[in-house]
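Worksheet for the structure shown next.
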Amino acid sequence: MKKIVTIFTGLVNIDKNLVGTAVVYKKIADIYSSLGYIVNMVIPEESNLDDKSINFYLYNTKNNNNLINKSSVVIFGAYPPIEPLIYSYKKNKIIISYLWSIAPIGSLEFKDFKNIKKQKELHNYIVASYNLSLLASDKIYCRDEGVRKVVFGSLISLFKADLENYINNKQFKNILEVAPFGIEKKKIKTKNKEYLYRGKYQNISKKDFILLWNGGIWNWNDGKSLIEAMNVLKKENIKLVFQGFAHPSNNQKLSTEAKNTIKLAKKYNLINNSVFFIDKWIPYNERHKYLLEADAGIITSPNIPEANLFFKTRIYDYLYSKLPTILFDCEAFSQTISNNGLGLVCKTGDFNDLARNIKKLAKSKKIKNEIKQNISKYQKEIYWENTLKPVYDFAKHPKKIKRDKNNINMINKLIDLNKDIKI
């Protein structure tokens, strides 16, 4: 009889676009499918992804419980839905959490509320659910070493990084491992048959240097500094393209940072002259075509914990397409970019330094070629088959950890706390 795994994606939808963190859910599903599991995936919206190896279900409490009852393994993400998490725990299922973010840190920038009270209530709920997921999980994965260190600190505070687990594995890999994002091993073409930006959009010519911001402008980004830099560069043949700057879900409003970024670009009369906001998300399997036409990828963020700790997933797209990455030195990925010569690192919030680095890259074929060569060497380290090997190894032989009485008592308290918090 085939084993069954059920994956709860929370608020992350799985469709042809496979936005950011959705990719890793799909990759984990592929791993379990390759090992002969029946894979169920519970998602918030209807999926248009044509994948017969995955059974998609919309979130529904009664059906959630039926799926969990039939499953031997249940997987959750960084923002787990509480009811199925608690139900899985009570039914003694093997619970896995893949933390593509640390929710209490990421949610600090969930500030698109009419009043602070609502934001506090949501944050308290997220903190409680985060602690609950750590305690309930038999195995926890996180996407980079920085996140692992923070999660390990949380496990100490929750008494889960205890002596018994230490004796089992002195690196605590029995409960916590790094399983980073990755890139496809399959090589992509170096050129498109036809242009998708150049000549298709007025004021983007074949000779222009295209700087690509691939994905949304969220509240934990700094779009305004980038617009200031583009204002400095407005006389240069440099064009900035925000591809898919709004959330692909119609239920998600434009972020405050996105609104302010667009407002500033309008103020400087840059829109459709040197800055282009293209509200279109590209299907995952077609994204390389757009990436290939760009000359560099960029991401800018303020100096906040979200930037300091979390690798931005869009940078993996830049690396996959051999695009030099330009970013601020506050980014968690900046040291990797600098040490491996994968792009240019700028002073956080300094738009003049940002402008200088953009111009330097745009004017120097030598620098671009050197970076591309460095990326080619580095790519081998981040193939999916290598980065998610810990997930594959555990999927072959999943097992529960022993439940500690202190953890059980704490879990019960957190369950009550989650019930009491109103959001």
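Going Cα to Cα from Lys139, which aspartates and glutamates come in below 20 Å? Please leave out same-chain ones fewer than 8 positions away. Lys139 reaches Asp30, Glu83, Asp162, Glu164, Glu177, Glu385, Asp393, Asp404. FRET efficiency for the Ser53 to Lys267 pair, using the beta carbon distance and R₀ = 35 Å, is estimated at 0.10.
So what are the range 133-204's ellipsoid semi-axes, whole angstrom, largest first, if each one is the square root of 5 times an eigenvalue of the alpha-carbon gyration tensor? Don't skip to the answer; put the middle values down first.
Working: eigenvalues 415, 42, 15 Å².
Ellipsoid semi-axes (Å, largest first): 46, 15, 9.
Counting every alpha-carbon pair across the range 1-123, the share separated by more than 25 Å comes to 25%.
Around the Cα centre of the chain, unit charges on the Cβ atoms of Lys, Arg, Asp and Glu (plus for the first two, minus for the last two) sum to a dipole of about 720 debye.
What length, rounded to one decimal in nm, is gained on full extension from Lys62 through to Lys206, with 0.36 nm per residue of separation minus their alpha-carbon distance? Mind dumping the intermediate values first?
Working: separation 144, 0.36 × 144 = 51.84 nm, distance 5.56 nm.
Stretched fully, the Lys62-Lys206 segment lengthens by 46.3 nm.
Just need the relative contact order of the chain here, percent rounded to a whole number, with Cα pairs under 8 Å and 6+ apart.
Working: 723 pairs, mean separation 69.6, N = 423.
The value is 16 percent.
With 28 Å as the limit on Cα-Cα distance, the pairs of Lys16/Lys365; Lys120/Lys413; Lys62/Lys259; Lys189/Lys312 that go past it are Lys16/Lys365; Lys62/Lys259. Pairs of Cα atoms in the chain fall into 20 Å distance bins, from 0 up to the last occupied one, in shares of 25, 56, 19, 0 percent.
Given +1 at the Cβ of Lys and Arg, -1 at the Cβ of Asp and Glu and no other charges, the dipole of the range 197-258 around its Cα centre is 360 debye to the nearest 20.
Report the one residue of Ile105, Pro84, Leu49 whose Cα lies farthest in the direction of the positive end of the charge dipole of the chain (charges on C-beta: Lys and Arg +1, Asp and Glu -1; origin at the Cα centre). About the Cα centre, the residue reaching furthest to the positive side is Leu49.
Give the relative contact order (percent, whole number) for the range 209-382; include only Cα pairs under 8 Å separated by 6+ residues.
On the way: 299 pairs, mean separation 40.8, N = 174.
Once normalised by length, the contact order is 23 percent.
The radius of gyration of the Cα set in the range 333-391, together with its Dmax, comes out at 14.3, 43 angstrom.
All Cα-Cα separations within the range 176-244 were binned at 10 Å from zero, giving a P(r) of 14, 36, 31, 15, 4, 0, each value a whole percent of the pairs. With the charge dipole of the range 194-243 set up from +1 on Lys and Arg Cβ and -1 on Asp and Glu Cβ about the Cα centre, the Cα lying farthest toward the positive end among the listed residues Asn221, Val232, Tyr201 is that of Tyr201.
Starting from the exponent 0.38 and prefactor 2.2 Å, build the expected Rg for the range 209-382 from its residue count and divide its actual Cα Rg by it.
Numbers: Rg = 14.9 Å, N = 174, 2.2 N^0.38 = 15.6 Å.
This ratio for the range 209-382 stands at 0.96.
For the residues Ile54, Ile94, Ile156, a GNM of the chain with alpha-carbon springs under 10 Å puts the largest fluctuation on Ile156.
Read-outs: derived from the displayed coordinates by stated rules, not from any lab. Since we're looking at a predicted model, the values are computed, not measured. Note that we place each Cβ from the backbone using ideal geometry, even for glycine, and neighbour counts take in every protein chain shown.
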